[in-house]
Amino acid sequence: MEKFYTTTAIDYVNGAPHIGHAYEKILTDVIFRHFQQRTSDAYMLTGTDEHGIKIQKTSAELNIEPQAFCDMNAQKFIDAWKLLGIDYSQFIRTTQKEHKEIVQKIFKRLVEKGDIYKHSYTGLYCAGCEAFLSEKDLDENGCCPNHQKKPEVVSEENYFFKLTKYKDAIIKHIKENPNFIVPSFRANEVLNQLENIEDISVSRAKTNVSWGIDVLDDNEQVIYVWIDALSNYITALGYDIENPSEKFKKYWPADVQVIGKDILKFHSIYWLAILMALDIPLPKHILAHGWITIDETKMSKSLGNVVSPSSVIESFEMTEPDALRYYMATAAPVGKDGNYSDNDFKEKVNAHLANSMGNLLNRTLSMLVKYFDGEIKPEFIKENELFDKSLKTIQEVKHHFDYFEIAEAAQKIIELVDLTNKYVTDNAPWTLAKEEKMTECGNVLYTVLEVMCVIASLISPYCPNIAQKMAKQLKYDINTKLDDIKINNIKTGKLISKEEISPVFLRLDSELADKGKK
Ligand code: MSP
């Protein structure tokens, strides 16, 4: 694999980031970091979606210039992702000059091609979705099911995109590529939506929406947010119709585009049609993740249950984001909804990261110091069965990541941790030492430490700081590519002294957390 390009949805900046936005960025970052372990060149894009009626209205209510409002809120997303250790390669904002210019050219190109035409239209507009809805999309109360609000009746002369022209090609693509939409059970949903598609409005009259990218040669219209927003995935790479940049040629098509299930239609229908119209190759996969609820309840401002990633980090007095990353990345099987609850979070990370994984390393190193003065003797040999199992786990984890099964891959890693713990219990190196069977005792510790190197590598995309601390104590290079993990990761000779041993993850203290919340 030569390159790997992954993207997230770009978030609206009319509010602050919450745990749902964080879920997606963590998933993508874990995928990105895993593929960094498999390719020499991985690239991750994230960013913010800054145009449209919602931002126009919110900034007007606050009496702030829309651009200043976007600047202020985009910073909140940048700060949140820093806090969570999201290691993106690029952060795009749709109000950036370079983006706006390329979007204008894309729009013009589609007009010239005859794929965009002007048309008078009356439709039901949901500002929450920034989209026109049809009667069929509404619930029994005539409300948008995602935003629980009645859409506004809007009559305008707009530009329309000939989506219907691409309908058959999109259906064919989805049917011929059963892994294009991940998870595949969502493909049917998209195929059903495709049955009833119509051409879509791709501009708004400036009299109604002024905060958008101007249509070139028509000063009465702005480009409707979805053409603007979707294009970010290629404008960020410097796509240009006549002269695509080196970066674009290198990274496009995207290997996986991660989005929430609510915006799958835009990505698996509109986005494909735009790319087809521009004669650009299609992304390899669209990963539609599920929804995150809080204590099994949908997050909403009116319920007052919106959880921000920073509030979790602060209330548990965490010094690094690894535990929250691990918890979120394993919150649900691929594509299914997941839930956040303080209790569950604390229990899961204490059990997996502290009790199982952290303690395993800690007590093994402590025994190595106690019985061998921290030294790996040249005569130590590995127990093949467990070590082979660890190598097999690498293949299983890779296989899960090939299908973007992030939670399932983590499960395999924890299984290996559990098996290694069992190996220690079954072989009782403390008893072997007591019986003065020192070589056998050393073999057990050595085997465990070798396996711990594999575990550190595999857990690193989820918990980069913890993995780094593990690697430091194992004198192991955490940047080792997965395929280069050797038979002998641990060198013979002095590995560690008593002073160098420190826990890689401290249990989250429940009392502390409760105190913080109050
Ligand atoms: N701006 C558009 C996306 C344009 S992509 C070219 C948008 N923004 S959003 O801020 O509403 O959502 C951003 C992402 O966060 C979406 O993928 C959305 O599905 C995801 N989530 C928003 N709330 C969420 C949860 N409660 N749970 C999980 N993901 C959620 O849509």
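So what is the 222 nm mean residue ellipticity for the chain from helices alone, if each DSSP H run of at least 4 adds -39500 (n - 2.57) and you divide by all residues, rounding to the nearest 500 deg cm²/dmol? Present the calculation step by step, with values, prior to reporting the outcome.
Details: 20 runs with 228 residues, N = 518.
Estimated from H runs of four or more residues: -13500 deg cm²/dmol.
Give me the extension gain from residue 301 to residue 339: residue separation times 0.36 nm, minus the current Cα-Cα distance, reported in nm with one decimal. Intermediate values should be presented prior to the final figure.
Numbers: separation 38, 0.36 × 38 = 13.68 nm, distance 1.72 nm.
So the extension gain works out to 12.0 nm.
Kindly work out what percent of the DSSP beta bridges joining two residues of the chain are antiparallel, to the nearest 5. Before the final figure, lay out each step's value.
Values: 24 of 47 bridges.
If we restrict to bridges inside the chain, about 50 percent are antiparallel.
In whole Å and largest first, what semi-axes does the C-alpha gyration tensor of the chain yield when each eigenvalue is scaled by 5 and square-rooted? Don't skip to the answer; put the middle values down first.
Numbers: eigenvalues 485, 116, 75 Å².
Here the semi-axes work out to 49, 24, 19 Å.
Please work out the Cα center distance from the range 175-236 to the range 355-387, rounded to the nearest Å.
Cα centroid of the range 175-236 versus Cα centroid of the range 355-387: 56 Å apart.
Which whole-number percent gives the relative contact order of the chain, counting Cα pairs below 8 Å spaced six or more residues apart? Don't skip to the end; give the middle numbers.
Details: 835 pairs, mean separation 84.1, N = 518.
Computed over the chain, the figure is 16 percent.
Under the rule of at least 5 residues apart or a separate chain, name every residue whose amide H is placed under 5 Å from the amide H of residue 376.
493, 494, 495
How far is the Cα center of the range 73-108 from the Cα center of the range 286-343, in Å?
23 Å
Would you calculate the convex hull of the Cα atoms in the range 113-182 and tell me its volume per residue in Å³? Let's see the in-between values first.
Numbers: hull volume 9.2 nm³, N = 70.
That works out to 131 Å³ per residue.
Treat each spin label as a single point 7 Å out from the Cα along the C-beta direction, and report the residue 509 to residue 79 distance in nm.
Reported label-point gap for residue 509 and residue 79 is 2.6 nm.
Give me the net charge of residue 341's neighbourhood, meaning all other residues with Cβ under 12 Å from the Cβ of residue 341; Lys, Arg count +1, Asp, Glu -1.
Numbers: positive: 346, 348; negative: 295, 296, 342, 344, 347.
Taking every Cβ under 12 Å from that of residue 341, the sum is -3.
For the chain, with only Lys/Arg (+1) and Asp/Glu (-1) charged at the beta-carbon, what is the dipole magnitude about the Cα centre, in debye rounded to 20? Write out the running numbers ahead of the final one.
On the way: 62 positive and 76 negative charges, 137 e Å.
It works out to roughly 660 debye.
Carbon and sulfur together cover what percent of the accessible area of the chain at a 1.4 Å probe radius? Let's see the in-between values first.
Working: 10850 of 22420 Å².
Roughly 48 percent, rounded to a whole number.
Put +1 on the Cβ of each Lys and Arg and -1 on the Cβ of each Asp and Glu in the range 348-500; which of 354, 459, 485 then has its Cα farthest toward the positive end of the dipole?
Looking along the dipole axis, the top candidate is 354.
Based on Cα coordinates alone, diagonalise the gyration tensor for the range 137-176, multiply each eigenvalue by 5, take square roots, and list the semi-axes in whole Å, largest first.
Working: eigenvalues 165, 69, 8 Å².
The answer is 29, 19, 6 Å, longest axis first.
What net charge do the residues around residue 13 carry, taking every other residue with its C-beta under 15 Å from that of residue 13, with Lys and Arg at +1 and Asp and Glu at -1?
On the way: positive: 25, 54, 57, 76, 93; negative: 11, 49, 50, 61, 65, 71, 79, 130, 228.
Residues close to residue 13 contribute a combined charge of -4.
Quick one: which residues, 5 or more positions from residue 131 or on another chain, have an amide H under 5 Å from its amide H? H modelled 1.01 Å from N in the peptide plane, none for Pro or chain starts.
126
Using each residue's phi in the range 224-230, evaluate 6.51 cos²θ - 1.76 cosθ + 1.60 at θ = phi - 60° and report the 3J(HN,Hα) Karplus result to the nearest Hz, with x for Gly and Pro.
5, 3, 6, 5, 4, 5, 4
Between residue 483 and residue 373, what length comes free when the chain is fully extended (0.36 nm per residue of separation minus the Cα-Cα distance, one decimal in nm)? Mind showing how you got there, number by number?
Details: separation 110, 0.36 × 110 = 39.60 nm, distance 3.21 nm.
My answer for the length gained is 36.4 nm.
May I ask you to derive the relative contact order of the range 348-500, considering only C-alpha pairs under 8 Å and at least 6 residues apart, and to give it as an integer percent? Write out the running numbers ahead of the final one.
Details: 163 pairs, mean separation 50.8, N = 153.
It comes to 33 percent, rounded to a whole number.
Starting from a Cα-only point model with no solvent, please compute log10 I(q)/I(0) by Debye for the range 423-505 at q = 0.26 1/Å.
-1.28
How much length, in nm to one decimal, is gained on full extension between residue 347 and residue 425, taken as 0.36 nm per residue of separation minus their Cα-Cα distance?
Numbers: separation 78, 0.36 × 78 = 28.08 nm, distance 2.28 nm.
That pair, residue 347 and residue 425, stretches by 25.8 nm at full extension.
Give me the 1.4 Å probe accessible area per residue for the chain, excluding ligands and nucleic acids, in Å². Don't skip to the answer; put the middle values down first.
Details: 22420 Å² over 518 residues.
In whole numbers, the chain has 43 Å² accessible per residue.
Run the quick spin-label model on residue 291 and residue 250: label points 7 Å from Cα toward the beta carbon, then report their separation in nm to one decimal.
4.0 nm
Going by average Cβ density within 10 Å per residue, which order do the peptides 319-326, 221-228 take, highest to lowest? Walk me through the numbers on the way to the answer.
Working: 319-326: 22.6, 221-228: 24.4.
In decreasing order of mean packing, 319-326, 221-228 become 221-228, 319-326.
Based on alpha-carbon centroids, what's the gap between the range 434-504 and the range 131-164 in Å, whole number please?
57 Å
Using C-alpha positions alone, give me the convex hull volume of the range 348-500 per residue in cubic angstrom. Walk me through the numbers on the way to the answer.
On the way: hull volume 15.5 nm³, N = 153.
Residue-normalised Cα hull volume stands at 101 Å³.
Pop a pseudo-label 7 angstrom from the Cα along the beta-carbon direction at both residue 366 and residue 500 and give the gap in nm to one decimal.
In this crude spin-label approximation the distance works out to 1.9 nm.
Mind checking Rg over Rh on the range 67-156, alpha carbons, Kirkwood formula for Rh? Kindly include the intermediate steps, with their values, before the conclusion.
Values: Rg = 18.3 Å, Rh = 16.8 Å.
Rg divided by Rh gives 1.09.
Mind listing the lone cysteines of the chain, meaning no other Cys beta-carbon sits under 4.7 Å from theirs?
Cysteines lacking a close Cβ partner in the chain: 70, 143, 441, 453, 463.
The values are calculated or read from the model by the stated rules, or taken from the named source; none is laboratory data. The structure displayed is predicted, hence computed values, not measured ones. Methodologically, a virtual Cβ is constructed for each residue, glycine included, from the backbone with ideal geometry; neighbour enumeration extends over all protein chains shown. To get the accessible areas, we keep the full protein, side chains included, count just its heavy atoms, and leave off ligands, DNA and RNA. Shrake-Rupley method; radii C 1.70, N 1.55, O 1.52, S 1.80 Å.
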